[in-house]
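The values are calculated or read from the model by the stated rules, or taken from the named source; none is laboratory data. A quick note: this is a predicted structure, and the numbers were derived from the prediction, not measured. All Cβ positions, even for glycine, are placed from backbone atoms using ideal geometry, and neighbour counts span all protein chains on display.
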Amino acid sequence: MVMNAPQRYDEYYFDEVDGFRLVWQPFSVVGLVVLNPESAFLFDLVDGNKSFTEILGLCQKNDKAITQKTVMRILRDLESAQIIYWKQPRRVKIDVQHPKTLGIWMHTTNQCNLRCEYCYIHKTTANMNLERGKQILSKILVNAKEHQFEIVKFKYSGGEVLLRFDEAMELVRFGKDKSQEIGIESQHVFLTNAVLMTLKKAKAIKEAGVRVMVSLDGPEVYHDQVRVFPSGKGSFQYVWRGITYLQLAQVPFNVSITVTEKNVDGIPELVQRLLEEKIPFVFNFFRENCEAGSDLMTVNEHLVSKMKEVYNIIEDNLPPYSMISGLLDRVSFGFPHLNACGVGRNYLVINQKGDLASCQLEINRKIGSIDDSDPIQAMIDGNFMRPKGLTVDQKKPCNVCLWRYVCGGGCPLLTNSIKGRYDLSSPYCEVYRALIPDLLRLEAKRLIRYKF
């Protein structure tokens, strides 16, 4: 290596997209970078052996009009994008920084008006009463402040949260007042099937500053195979009516799509409609659980084929905003990470009684109580992964995969359920590896189209 010569990092992913160069470096906090031909030419000259003077000479040989100032500016831009470095590589210390946001899954009720085939909740009449809910909110907000979290994001779920609408709205009001009193930010989200949504409820939700996530799993013929009433009747028309009310009230919401073998063929058609309606959406892949029906796991090849169809539809209807971190189950490009979720670190499930769990799929596996002196410490100590503290760098063959810091190794519970161990790659590993390059191309095309 030549002293003071710009150098490359060890790992990259490259692609050519519409005359531009896509560059992605797994340790970068900047994320995907798109280079125009001039910048790509200069990037190709960087090898750790050429001094700046040599690089300048080669650039001027290629383009006599280019100046020293321009070459230095481009090199500095490449350095800022974290795809080259001068003296020491800028390697982010992944997951070392304390997370700012604590996620709380508020399980408000075991009751539900639907009987979705993949649901993990055993339906009973048990509810979270209002006073217990307020105790939970108050305790968590104080405890989060003690643990130096800046934001607490409460997700109200069930069962069906709209069955407890008045109580949930009162908890939101209480939580907002309490967080202001304590000096910590709180955010509130309702996770709902939207069947019971009315325009009056939607307007109240809008006024309260609550976001909404609606479960919708396909066009009618597919959705109604998995999301049904106790009678067996499909729920699609009722869900879409609820979505219409949310639109009319201008409530910020998105759609959560759970992909199973029963609805995967209908996902492209659903995505087309959501894009036309300008409704944002995210994908979740089915996870086995003891309450779910059988034969819901998709065959990986089938899943990849249908998701590629989805990405082609999105490419033809690209929105100006980024969708990249919601289009592939546990894959997120927001920041390099060692785990697929916040289990044991910044995510906690609280059931209707105030019992603590690490994950909603493990809601009956108690790790503590809201009455404990330090529920967040119980969250940390109750991490179910074995060995405790397991990260993607300790999984095989994840530890040598280029994509390990965007998928985090996938859902650990699913891996253990299917493979009997936590320290192996996800059952969806082949899907991630096949589709992540397509996601990067999609994001590059968006950046190019909207002039990044």
Determine whether I367 is in contact (Cβ under 8 Å) with a residue 60 or more places away in the chain and either under 18 Å from I436 (Cα atoms) or crowded, with 19+ Cβ neighbours inside 10 Å (or both). no
Can you say whether S322 is out of contact with any Ser or Thr (no Cβ under 9 Å at 6 or more places or on another chain), at pLDDT 95 or above and in the same structural domain as V142 (by TED's automatic domain parsing), as far as the supplied structure shows? no
Can you list residue pairs whose Cβ atoms sit under 7 Å apart, with the first residue in region 150-165 being at positive phi and the second being part of a strand (DSSP E or B) and surrounded by 20 or more Cβ atoms within 10 Å (Cβ to Cβ)? Count only pairs 6 or more apart in sequence or on different chains. G159/T109
Grab the helices (runs of 4 or more DSSP H) fully contained in region 345-419, keeping just those with 2 or more residues being assigned by TED's automatic domain parsing to the domain that holds R330. 375-381
Q352: in contact (Cβ under 8 Å) with a residue 12 or more places away in the chain, out of contact with any Leu (no Cβ under 8 Å at 6 or more places or on another chain) and crowded, with 21+ Cβ neighbours inside 10 Å, yes or no? yes
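How many residues does region 222-237 contain that are polar (S, T, N, Q), surrounded by fewer than 20 Cβ atoms within 10 Å (Cβ to Cβ) and either touching a residue at least 12 places away in the same chain (Cβ under 8 Å) or within 14 Å of Y118 (Cα to Cα) (or both)?
Looking only at region 222-237, we keep the residues that are polar (S, T, N, Q), and these are 225, 231, 235, 237.
Next, from what is left, pick out any that are surrounded by fewer than 20 Cβ atoms within 10 Å (Cβ to Cβ): 225, 231, 237.
Now restrict to residues that are either touching a residue at least 12 places away in the same chain (Cβ under 8 Å) or within 14 Å of Y118 (Cα to Cα) (or both): 225, 237.
Residues flagged as polar (S, T, N, Q), surrounded by fewer than 20 Cβ atoms within 10 Å (Cβ to Cβ) and either touching a residue at least 12 places away in the same chain (Cβ under 8 Å) or within 14 Å of Y118 (Cα to Cα) (or both) within region 222-237 amount to 2.
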All positions within region 24-64 that are buried (at least 17 other Cβ atoms within 10 Å of the Cβ) and small (G, A, S): S28, G31, S39, A40
In region 14-39, which residues are of a type outside the set (V, I, T) and within 23 Å of the chain's Cα centre (by Cα)? L22, W24, Q25, P26, F27, S28, G31, L32
Contacts under 6 angstrom Cβ, first residue in region 282-307 being in the same structural domain as Q272 (by TED's automatic domain parsing), partner in a helix (DSSP H, G or I) and loosely packed, with under 15 Cβ neighbours inside 10 Å, 6 or more apart: N300/E430
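Scanning region 37-57 for residues that are among the small types (G, A, S) and in a loop (DSSP other than H, G, I, E, B), which turns out farthest from V17 (Cα to Cα)?
First, the residues of region 37-57 that are among the small types (G, A, S): 39-40, 48, 51, 57.
Next cut, in a loop (DSSP other than H, G, I, E, B) only: 48, 51.
Details: G48: 26, S51: 29 Å.
If we take residues in region 37-57 being among the small types (G, A, S) and in a loop (DSSP other than H, G, I, E, B), then S51 is farthest from V17 (Cα to Cα).
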Any chance region 107-115 includes a residue that's in a strand (DSSP E or B) and assigned by TED's automatic domain parsing to the domain that holds R345? yes
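Say we look at region 274-302 and pick out the residues that are assigned to a helix (DSSP H, G or I) and out of contact with any strand residue (DSSP E or B) (no Cβ under 7 Å at 6 or more places or on another chain); which of these is farthest from P437 (Cα to Cα)? Lay out the reasoning, then the answer.
If we filter region 274-302 for residues that are assigned to a helix (DSSP H, G or I), which is where we start, we get 274-276, 300-302.
Filter again for out of contact with any strand residue (DSSP E or B) (no Cβ under 7 Å at 6 or more places or on another chain), leaving 275-276, 300-302.
Numbers: L275: 22, E276: 25, N300: 16, E301: 16, H302: 18 Å.
If we take residues in region 274-302 being assigned to a helix (DSSP H, G or I) and out of contact with any strand residue (DSSP E or B) (no Cβ under 7 Å at 6 or more places or on another chain), then E276 is farthest from P437 (Cα to Cα).
Mind listing just one residue for me: the one in region 203-221 that is closer than 21 Å to A168 by Cβ and either in contact with a helix residue (DSSP H, G or I) (Cβ under 7 Å, 6 or more places away or on another chain) or outside the structural domain of E160 (by TED's automatic domain parsing) (or both) and, of those, surrounded by the fewest Cβ atoms within 10 Å (Cβ to Cβ)?
First pass over region 203-221, keeping only residues closer than 21 Å to A168 by Cβ: 203-216.
Narrowing further to those that are either in contact with a helix residue (DSSP H, G or I) (Cβ under 7 Å, 6 or more places away or on another chain) or outside the structural domain of E160 (by TED's automatic domain parsing) (or both): 204, 208, 210, 212, 214, 216.
Working: A204: 17, A208: 15, V210: 21, V212: 26, V214: 24, L216: 24.
It comes out as A208.
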Tell me which residues, restricted to region 315-332, are of a type in the set (A, V, I, L, M, F, W, C) and buried (at least 19 other Cβ atoms within 10 Å of the Cβ). I324, L327, L328, V331
Have a look at R8, R76, R115 and point out the one that is within 26 Å of the chain's Cα centre (by Cα) and either among the charged types (D, E, K, R) or over 30 Å from E362 (Cβ atoms) (or both). R115
Sort through L141, L171, L137 and tell me the only one that's in contact with a Gly (Cβ under 8 Å, 6 or more places away or on another chain), farther than 29 Å from G242 by Cα and buried (at least 21 other Cβ atoms within 10 Å of the Cβ). L141
Output the residue which, of all residues in region 276-294 that are of a type in the set (D, E, K, R) and modelled with pLDDT under 90, is surrounded by the most Cβ atoms within 10 Å (Cβ to Cβ). E288
Tell me, yes or no, whether region 16-34 has at least one residue that is under 30 Å from E185 (Cα atoms) and free of Cβ contacts under 8 Å to residues at least 12 places away in the same chain. no
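Would it be correct to say that V2 is modelled with pLDDT under 95 and of a type in the set (A, V, I, L, M)? Steps first, answer last, please.
Working: modelled with pLDDT under 95: yes; of a type in the set (A, V, I, L, M): yes.
Yes; evaluated as a whole, the condition is true for this residue.
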